[in-house]
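Engineer: Structure incoming, see below.
The values are calculated or read from the model by the stated rules, or taken from the named source; none is laboratory data. On a predicted model such as this, the values are computed, not experimentally measured, just so you know. Note: ideal-geometry Cβ built from the backbone for every residue, glycine included; neighbour counts use all protein chains shown. Areas reflect the complete protein model, heavy atoms only, side chains present, ligands, DNA and RNA absent. Shrake-Rupley method; radii C 1.70, N 1.55, O 1.52, S 1.80 Å.
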Amino acid sequence: MSRLDHEHDVIALARELGLRGDPAEAVVRFCEETIGCWAAEVGGVDRVAALEQLVAARLRLVFEEICSDDDLERTISKYTAQREGIFRALGDQLDAATFGLTIKRSRVRPGAKDEYVAVIDCRGEKAARRFFTRWHEIAHLLVLEREVETLVRRSSRDPIERLMDEIAGRIGFYEPLFGPIFAREHTEPLLRLVTVDAIRNAYCDEASFQSTLFACHRRMRTPVVYVEAEVKYKVEEVRRLRSKQRKLFADDPPVAKLRVSLAVPNQAADDRDFRIVPNMRVPEGSVIHNLRSDDGAGQASGEENLGAWEFSNGNRLPDCQVWIDARKAGDRTIAIVQPVNCEP
Amino acid sequence: MELGWTQDVLAQKAGISKSFLSDLENGKRNVGADTLYDIARVLSRSLDYLMTGKEGETEPASEVQIPAALAAFAAQAGISFRQALTLLEMQQQIIARRSSTKKGSLDKVDWQKFYEAVKDFLQ
């Protein structure tokens with residue numbers, strides 16, 4: 001059962017779709033089955049690009065990718081010339097935080113093959129999210145007819161958006177295509193980042209490394225925690241730094257340290273209560289810390305004991321020998337943490 | 001149905017030429033579904049009405065709620081109810097968005113900005 005199963009909007013969506021069982025899983029399965037039927041009708045698909053093309057056509061969806069400001073102007077001109085006034089506002093709508101949006105056209109007849117236009121912002125760092133954003137927009141359309149709200153101004157933390165990400169992760173890494181590649185490439189008990197690279201190259205090199213990693217993480221039957229670490233302050237230190245209150249005696253200024261900024265357990269980790277806690281400090285001596293300190297290295301791996309990971313109140317994570325595979329990604333370090341001795 | 005529009009006005013609103021419209025009225029040309037839909041839309045009539053002269057069975061109209069911020073902006077800017085409604089409909093054309101931050105509802109300033117961007121397309 002997913003945390004999303006307790007969210008009102010997710011429960012309402014599942015009800016609207018007439019689905020039973022755990023709401024989030026039921027909605028995801030509904031989308032998978034819809035796509036599965038479409039693929040079966042054309043005798044199956046052999047590549048994810050062909051699957052996307054098929055699904056987009058069935059949803060009457062076309063994609064417009066914005067790779068530069070010139071692309072943006074071209075897209076605006078293209079649709080405003082067809083009297084779609086909403087596109088004139090596209091520049092404002094695609095702000096720094098927006099990766100993509102889907103527009104229902106008003107100047108074509110309902111049912112036209114381009115009734116919906118998904119505009120994907122691929123400028124700058126957003127390009128890395130291109131593949132996943134396309135599938136995220138598809139996920140919205142798959143449940144659109146019965147979606148609870150029509151005007152969508154939600155954040156990535158909103159339950160419906162998280163559900164759409166869940167759907168995108170499952171249908172974008174479509175089991176009949178992805179499963180055999182995962183089984184072929186993942187031959188060791190533990191997941192390794194180089195294996196994720198190989199799977200990504202074999203499945204779709206347009207998918208980001210991170211989205212492929214999550215697709216693998218989801219399929220692992222043994223506990224895996226995805227971790228992102230970056231140099232940051234404690235929450236309480238941030239509050240202190242932002243406070244305008246003056247003090248009689250100046251405190252030592254806080255020092256930013258390497259901390260866990262994101263920790264995502266897979267289902268097996270959740271089931272076994274194998275966790276790493278966001279905001280906790282990454283201890284010196286950890287594979288992740290050593291990698292961050294080593295300017296020359298791009299990735300590192302090794303065994304360590306999670307019992308050395310300490311909270312600021314002195315408590316520690318339970319003793320557990322783990323294998324950590326870590327890689328630098330800009331200012332962040334990403335890693336997968338897995339117990340060394342763990343049966344599925 | 002009396003709107004008091006000339007052929008020029010209807011042709012312009014539907015995005016077709018006056019001569020094409022004239023030919024249609026005189027039964028000299030055939031019309032595609034897209035154009036018919038455009039004409040029906042600007043006349044606020046159904047396709048049934050254009051084809052047969054009679055309205056088909058319609059669903060009861062649902063109540064439209066104008067958001068308070070849009071109403072406030074419309075009052076301040078002096079735009080008509082119909083224009084405010086069109087603005088709302090245009091905004092609602094955005095049916096999905098992937099974003100890392102919470103947007104919340106549009107405020108008066110957002111509507112102003114949106115209006116400035118799309119005002120050439122308001123009826």
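Engineer: If A:Asp114 passes every condition in (1) touching a strand residue (DSSP E or B) at 6+ places or on another chain (Cβ under 9 Å); (2) surrounded by 17 or more Cβ atoms within 10 Å (Cβ to Cβ) but one, which one does it miss?
Structural biologist: Checking A:Asp114 against (1) touching a strand residue (DSSP E or B) at 6+ places or on another chain (Cβ under 9 Å); (2) surrounded by 17 or more Cβ atoms within 10 Å (Cβ to Cβ), the one that fails is (2).
Engineer: Still on this structure, please answer the following. Hey, among the residues in the range A:101-110 that are open to solvent by 40 Å² or more (accessible area, probe 1.4 Å) and in a loop (DSSP other than H, G, I, E, B), which one's nearest to the other protein chains (Cβ to nearest Cβ)? Steps first, answer last, please.
Structural biologist: Taking the range A:101-110 as the starting set, the residues that turn out to be open to solvent by 40 Å² or more (accessible area, probe 1.4 Å) are A:104, A:109-110.
Okay, now just the ones that are also in a loop (DSSP other than H, G, I, E, B), so A:109-110.
On the way: A:Arg109: 4, A:Pro110: 8 Å.
Among residues in the range A:101-110 that are open to solvent by 40 Å² or more (accessible area, probe 1.4 Å) and in a loop (DSSP other than H, G, I, E, B), the one nearest to the other protein chains (Cβ to nearest Cβ) is A:Arg109.
Engineer: If you go through the range A:45-55, how many residues are crowded, with 16+ Cβ neighbours inside 10 Å and either within 14 Å of chain B (Cβ to nearest Cβ) or assigned to a loop (DSSP other than H, G, I, E, B) (or both)?
Structural biologist: As a first pass, look at the range A:45-55 and keep what is crowded, with 16+ Cβ neighbours inside 10 Å: A:45, A:48, A:51-52, A:54-55.
Cutting the leftovers down to either within 14 Å of chain B (Cβ to nearest Cβ) or assigned to a loop (DSSP other than H, G, I, E, B) (or both) gives us A:45.
Adding up the residues that qualify gives 1.
A quick yes/no check of all residues on (1) in contact with a helix residue (DSSP H, G or I) (Cβ under 9 Å, 6 or more places away or on another chain); (2) over 24 Å from A:Val196 (Cβ atoms); (3) among the hydroxyl-bearing types (Ser, Thr, Tyr); (4) open to solvent by less than 60 Å² (accessible area, probe 1.4 Å):
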{"residue": "A:Glu284", "(1), (2), (3), (4)": "yes, yes, no, no"}
{"residue": "A:Val287", "(1), (2), (3), (4)": "no, no, no, yes"}
{"residue": "A:Gly296", "(1), (2), (3), (4)": "no, no, no, no"}
{"residue": "A:Glu303", "(1), (2), (3), (4)": "yes, no, no, no"}
{"residue": "A:Ala308", "(1), (2), (3), (4)": "no, yes, no, yes"}
{"residue": "A:Leu317", "(1), (2), (3), (4)": "yes, yes, no, yes"}
{"residue": "A:Ala329", "(1), (2), (3), (4)": "yes, no, no, yes"}
{"residue": "A:Ile334", "(1), (2), (3), (4)": "yes, no, no, yes"}
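Engineer: Name the pairs: first residue in the range A:10-26 and under 20 Å from A:Leu141 (Cβ atoms), second residue open to solvent by 60 Å² or more (accessible area, probe 1.4 Å), Cβ to Cβ under 6 Å, at least 6 apart or on different chains?
Structural biologist: A:Ala12/A:Val148; A:Leu13/A:Val148; A:Glu16/A:Arg146; A:Leu17/A:Arg146
Engineer: Since A:Val260 meets every condition but one in (1) β-branched (Val, Ile, Thr); (2) out of contact with any Leu (no Cβ under 8 Å at 6 or more places or on another chain); (3) part of a loop (DSSP other than H, G, I, E, B), which condition does it not meet?
Structural biologist: In the conditions (1) β-branched (Val, Ile, Thr); (2) out of contact with any Leu (no Cβ under 8 Å at 6 or more places or on another chain); (3) part of a loop (DSSP other than H, G, I, E, B), A:Val260 misses (3) alone.
Engineer: Which of the residues that make up the range A:223-243 are crowded, with 18+ Cβ neighbours inside 10 Å and in a loop (DSSP other than H, G, I, E, B)?
Structural biologist: The answer is A:Pro223, A:Val224.
Engineer: Condition first: assigned to a helix (DSSP H, G or I) and either polar (S, T, N, Q) or open to solvent by 10 Å² or more (accessible area, probe 1.4 Å) (or both). Now tell me which residues in the range A:158-178 satisfy that.
Structural biologist: Of the residues in the range A:158-178, the ones assigned to a helix (DSSP H, G or I) are A:159-172, A:175-178.
Of everything in the range A:158-178, those that are assigned to a helix (DSSP H, G or I) and either polar (S, T, N, Q) or open to solvent by 10 Å² or more (accessible area, probe 1.4 Å) (or both) turn out to be A:Pro159, A:Arg162, A:Asp165, A:Glu166, A:Arg170, A:Glu175, A:Pro176, A:Leu177.
Engineer: Hey, among the residues in the range B:66-102 that are among the charged types (D, E, K, R) and either under 18 Å from B:Asp120 (Cα atoms) or more than 13 Å from chain A (Cβ to nearest Cβ) (or both), which one's surrounded by the most Cβ atoms within 10 Å (Cβ to Cβ)?
Structural biologist: Result: B:Glu89.
Engineer: Quick one: would you say A:Arg83 is at pLDDT below 95, within 14 Å of chain B (Cβ to nearest Cβ) and within 26 Å of A:Val119 (Cβ to Cβ)? It would help to see each step written out before you state the result.
Structural biologist: Details: at pLDDT below 95: yes; within 14 Å of chain B (Cβ to nearest Cβ): yes; within 26 Å of A:Val119 (Cβ to Cβ): yes.
Spelling it out, A:Arg83 is indeed at pLDDT below 95, within 14 Å of chain B (Cβ to nearest Cβ) and within 26 Å of A:Val119 (Cβ to Cβ).
Engineer: I need a count of the residues in the range B:78-95 that are modelled with pLDDT under 90 and more than 17 Å from the chain's Cα centre (by Cα).
Structural biologist: Number satisfying all stated conditions: 0.
Engineer: Checking A:Asp95 against (1) open to solvent by 30 Å² or more (accessible area, probe 1.4 Å); (2) at pLDDT 95 or above, only one condition comes out false. Which one?
Structural biologist: (2)
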